[in-house]
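Trainee: Right, I'll just put the structure down here and ask away after.
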Amino acid sequence: MQTSVSAAPAGKATAAHTATDVVIQLRDVTKSYGTVQAVKGIDLAIRRGEIVALLGPNGAGKTTTLTMLLGLLLPTTGEVSAFGVAPTKAISHSSIGAMLQEGKLMPGVKVGEFLAFVRSLHPQPLPMAQLVSIADLGEVLNRRIDRLSGGQTQRVRFAMAIAGDPELLILDEPTAAMDVESRRAFWASMHGYAALGHTVLFATHYLEEAEAFASRLVIIAQGRIIADGTVHDILERYGNPRLSFTGAVAPSAYATLPSVQRQTMQGDRVTLYTRDTDATVRALVASNLPWHNLEVSTADLEETFITLVHQGGAQ
């Protein structure tokens, strides 16, 4: 049975969300395509001013979730709202801007003409000079859209998304297929926009982008949220810091040291994955076990992400 998204009196900024400052609310949201369940009961609240990265492998349910947040899909069950109203109402009042993976621009039209047209669709658009500055499009305003590079085209998409000065910006894989230089330029533009106090939700495959830019990570696997928090929170809760050293015995000999989760050996180098490196190091030093050339490493986001996705996908 399909349920509708929540509705409330329209307005670009409603009184309903002022008290709690919740911009996005998903309550027990599911989405099925026939017998395939793409989203399996997501609860998520995003507050004003947060910059949230949505992470997950292909098929995790990221794009489906974003599409429901934009009102392009209705949930099979559950409730989706933005600013306390249905997403379509929030979009109609220019409260939400979106940059999606698909969708063509207008070939043959100059960038400046296209931006002027997009601005005309919104009641209170960003001033043209500010829009051009944030998206870094000053050098291509007189160039036809179909003659832009891939990175320049993505910046035009970004400008289109923020032209109405939305309070919430939703981005789906915004730097996919960009080269390193284009990605760097894009995120510089994003930093400028976010610095104005806007709320940003973006899906990405690039963990370094999420780590550098997001104030909060939401990790999805198999249609479920499996981790939610700051990078520090997630690494502290789920990460495996480790210590390595040159040893002269099998790694199993170190298994009884405090906080050790598992141990490996490559050549004569032993690695101990531990929940508390301090406790493990103290015990190692006090033991009679052989070791030298000790190195301590903090938890790694990529390794933690892979472990979480593997464990979440197995649930």
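The values are calculated or read from the model by the stated rules, or taken from the named source; none is laboratory data. Note that this is a predicted model, so its numbers are computed, not measured. Using ideal geometry, Cβ is built from the backbone for each residue, glycine included, and neighbour counts are taken over all protein chains shown. Note: areas computed on protein heavy atoms with side chains; ligands, DNA, RNA excluded. Shrake-Rupley method; radii C 1.70, N 1.55, O 1.52, S 1.80 Å.
Trainee: Return the residue satisfying two criteria in turn: it lies in segment 233-256 and is among the aliphatic types (A, V, I, L, M), within 18 Å of Ala299 (Cβ to Cβ) and at pLDDT 90 or above, and of such residues it is farthest from the chain's Cα centre (by Cα).
Mentor: Of the residues in segment 233-256, the ones among the aliphatic types (A, V, I, L, M) are 234-235, 243, 248-250, 253, 255.
Add one more test, that the residue is within 18 Å of Ala299 (Cβ to Cβ), and what stays is 234-235, 243.
Cutting the leftovers down to at pLDDT 90 or above gives us 234, 243.
On the way: Ile234: 14, Leu243: 30 Å.
Restricting to residues being among the aliphatic types (A, V, I, L, M), within 18 Å of Ala299 (Cβ to Cβ) and at pLDDT 90 or above, the top hit is Leu243.
Trainee: Take segment 110-138 and flag every residue that is in contact with a helix residue (DSSP H, G or I) (Cβ under 8 Å, 6 or more places away or on another chain), closer than 14 Å to Val156 by Cα and of a type in the set (A, V, I, L, M, F, W, C).
Mentor: Val111, Phe114, Leu115, Ala116, Val118, Met128, Leu131, Val132, Ile134, Ala135, Leu137, listed by residue number.
Trainee: Considering only residues that are in contact (Cβ under 8 Å) with a residue 40 or more places away in the chain, open to solvent by 30 Å² or more (accessible area, probe 1.4 Å) and either of a type outside the set (D, E, K, R) or on the phi > 0 side of the Ramachandran plot (or both), which ones fall in segment 85-95?
Mentor: Taking segment 85-95 and keeping what is in contact (Cβ under 8 Å) with a residue 40 or more places away in the chain, we get 85-90, 92-95.
From the residues that got through so far, the ones that are open to solvent by 30 Å² or more (accessible area, probe 1.4 Å) too are 88-89, 92-93.
If the condition is that a residue be in contact (Cβ under 8 Å) with a residue 40 or more places away in the chain, open to solvent by 30 Å² or more (accessible area, probe 1.4 Å) and either of a type outside the set (D, E, K, R) or on the phi > 0 side of the Ramachandran plot (or both), then Thr88, Ser92, His93 are the ones that fit.
Trainee: Give the residues of segment 268-282 that are open to solvent by less than 90 Å² (accessible area, probe 1.4 Å), in a loop (DSSP other than H, G, I, E, B) and either in contact with a strand residue (DSSP E or B) (Cβ under 9 Å, 6 or more places away or on another chain) or β-branched (Val, Ile, Thr) (or both), sorted by residue number. Break it down into steps so the answer makes sense when it comes.
Mentor: Our first condition is that a residue be open to solvent by less than 90 Å² (accessible area, probe 1.4 Å); within segment 268-282, this holds for 268-274, 276-277, 279-281.
Checking which are in a loop (DSSP other than H, G, I, E, B) leaves us with 268, 276.
Scanning segment 268-282 gives a single hit, Asp268.
Trainee: Does Thr230 meet the test of being within 29 Å of the chain's Cα centre (by Cα) and of a type in the set (S, T, N, Q)? Outline the logic, then answer.
Mentor: On the way: within 29 Å of the chain's Cα centre (by Cα): yes; of a type in the set (S, T, N, Q): yes.
It is true that Thr230 is within 29 Å of the chain's Cα centre (by Cα) and of a type in the set (S, T, N, Q).
Trainee: For segment 1-40, name all the residues that are open to solvent by less than 30 Å² (accessible area, probe 1.4 Å) and at pLDDT 50 or above. Before you say what the answer is, go through the steps one by one.
Mentor: Of segment 1-40, the ones open to solvent by less than 30 Å² (accessible area, probe 1.4 Å) are 5-6, 8, 11, 14, 17, 22-24, 26, 29-31, 38-39.
Within segment 1-40, Val22, Val23, Ile24, Leu26, Val29, Thr30, Lys31, Ala38, Val39 qualify.
Trainee: Test Glu236 against the stated conditions and say whether it is part of a helix (DSSP H, G or I) and in contact with a helix residue (DSSP H, G or I) (Cβ under 6 Å, 6 or more places away or on another chain). Even if it seems obvious, please write down each step before you answer.
Mentor: Values: part of a helix (DSSP H, G or I): yes; in contact with a helix residue (DSSP H, G or I) (Cβ under 6 Å, 6 or more places away or on another chain): no.
It is false that Glu236 is part of a helix (DSSP H, G or I) and in contact with a helix residue (DSSP H, G or I) (Cβ under 6 Å, 6 or more places away or on another chain).
Trainee: Contact list please: Cβ distance under 8 Å, first residue in segment 187-208 and over 22 Å from Pro57 (Cα atoms), second residue assigned to a helix (DSSP H, G or I) and open to solvent by 40 Å² or more (accessible area, probe 1.4 Å), pairs at least six apart or on different chains.
Mentor: As it stands, the answer is Gly192/Ser133, since those pairs meet every condition given.
Trainee: Here are Leu74, Leu66: which of them is outside any strand (DSSP E or B) and either on the phi > 0 side of the Ramachandran plot or open to solvent by 10 Å² or more (accessible area, probe 1.4 Å) (or both)? It would help to see each step written out before you state the result.
Mentor: Details: Leu66 fails: either on the phi > 0 side of the Ramachandran plot or open to solvent by 10 Å² or more (accessible area, probe 1.4 Å) (or both).
Every option except Leu74 fails the conditions.
Trainee: I want to confirm something. Restricting to segment 283-309 and keeping residues that are part of a helix (DSSP H, G or I) and free of Cβ contacts under 8 Å to residues at least 24 places away in the same chain, which single residue is farthest from Tyr238 (Cα to Cα)?
Mentor: Kept after step one, since they are part of a helix (DSSP H, G or I), are these residues of segment 283-309: 283-286, 301-309.
Subset that is free of Cβ contacts under 8 Å to residues at least 24 places away in the same chain: 285-286, 306.
On the way: Val285: 26, Ala286: 27, Ile306: 11 Å.
Across segment 283-309, the extreme among qualifying residues is Ala286.
Trainee: Further question on the same structure: So which residues in segment 280-310 are under 30 Å from Ile225 (Cα atoms) and of a type in the set (Phe, Trp, Tyr)? Before you say what the answer is, go through the steps one by one.
Mentor: Initial filter on segment 280-310 (under 30 Å from Ile225 (Cα atoms)): 297-310.
Within segment 280-310, Phe305 is the sole residue that qualifies.
Trainee: Ok, one more. Within segment 114-144, take every residue that is aliphatic (A, V, I, L, M) and more than 23 Å from His191 (Cβ to Cβ) and give me the one that is modelled with the highest pLDDT.
Mentor: Among those that are aliphatic (A, V, I, L, M) and more than 23 Å from His191 (Cβ to Cβ), it is Ala116.
Trainee: Right, another one. Does Ala210 satisfy being open to solvent by less than 60 Å² (accessible area, probe 1.4 Å), closer than 30 Å to Gln37 by Cβ and not hydroxyl-bearing (Ser, Thr, Tyr)? Walk me through it before giving the result.
Mentor: Values: open to solvent by less than 60 Å² (accessible area, probe 1.4 Å): yes; closer than 30 Å to Gln37 by Cβ: yes; not hydroxyl-bearing (Ser, Thr, Tyr): yes.
Yes.
Trainee: Mind checking which residues of segment 287-301 are at pLDDT 90 or above, closer than 17 Å to Thr274 by Cα and open to solvent by 50 Å² or more (accessible area, probe 1.4 Å)?
Mentor: Residues satisfying the conditions are Trp291, Leu294, Glu295, Val296.
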